[in-house]
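Have a look at the structure below, then the notes.
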Amino acid sequence: AHAKMFNDLADKLAPLGMFIGYHAHKHDFELIEGQSAWDTFFHNTKKEVICQLDTSNCRDGGQDPVDVLHRYPGRIRSIHIKPNGGGPEAVIGEDKINWPGVFEFCETQGNTDWYVVEHETSKQPLDTVARTSLLQIQNTQAVRTLGGISTLCPALSAAASLGSRIGGGWMARRTLAA
């Protein structure tokens, strides 16, 4: 029923240049009879329905964000990039997520326009998000091995000059870097 509703809304929004999607939560990745609710939902929706993966929620639900991304090429128009597995104050590159895999997928197969950087576990989330600067991401060994962030992920390079900050994070729109 929900998939049909999202499909119908996608059809109604398309002529207006708008999209509909679903944001990932931890429970979406827990297996029920061998399949996650995330996969059940997106296997029953049109490719126009956006899969908004949240990297940390995906890991918390027991799945690898890169594996999940590869099941949905072209459908990750926006992604929440959030560290996981490095402690409450860890930022991107100080955690357990395969960031080169995430960024490579988003830049080559994901059709990704928006990167939302957020942090929810810190006692001072805005301070932690501020540490998640372009320079900090650029200097992670994982990103350096892929040729650097300006080569790998132009949207994050654009964010440094645009300074787009919202709520507990900042975001970058890929199309602004072109």
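Coordinate-derived values only; no laboratory data. These figures come from a predicted structure and were not determined experimentally. Here the Cβ positions follow ideal geometry from the backbone for every residue, glycine too, while neighbour counts run over all protein chains shown.
Taking a point 7 Å from the Cα of residue 11 along the Cα-to-Cβ direction, the residues of segment 43-77 with backbone N closer than 20 Å to it are 43-51. Positive-end ranking of 13, 1, 43 along the dipole of segment 1-61, with charges on Cβ about the Cα centre, is headed by 13. By the gyration tensor of its Cα atoms, with a ≥ b ≥ c the square roots of the eigenvalues, what is the shape of segment 54-138: rounded for a/c under 1.5, prolate for a/b over b/c, or oblate? Taking the square roots of the gyration eigenvalues as a ≥ b ≥ c, segment 54-138 is prolate. Taking 37 °C and 0.692 mPa s as conditions, segment 27-102 diffuses translationally at an estimated 254 µm²/s according to Stokes-Einstein applied to its Kirkwood radius (Cα pairs). Overall dimensions of segment 20-61, expressed as equivalent-ellipsoid semi-axes from the Cα gyration tensor (√(5λ), whole Å, largest first), are 17, 14, 5.
Annotation: for a label point projected 7 angstrom from Cα along Cα→Cβ of residue 26, residues of segment 81-103 with backbone N closer than 20 Å are 81-92, 95-98. Once the Cβ-Cβ distance of residue 64 and residue 126 is raised to the sixth power relative to R0 = 30 Å, the FRET efficiency obtained is 0.55.
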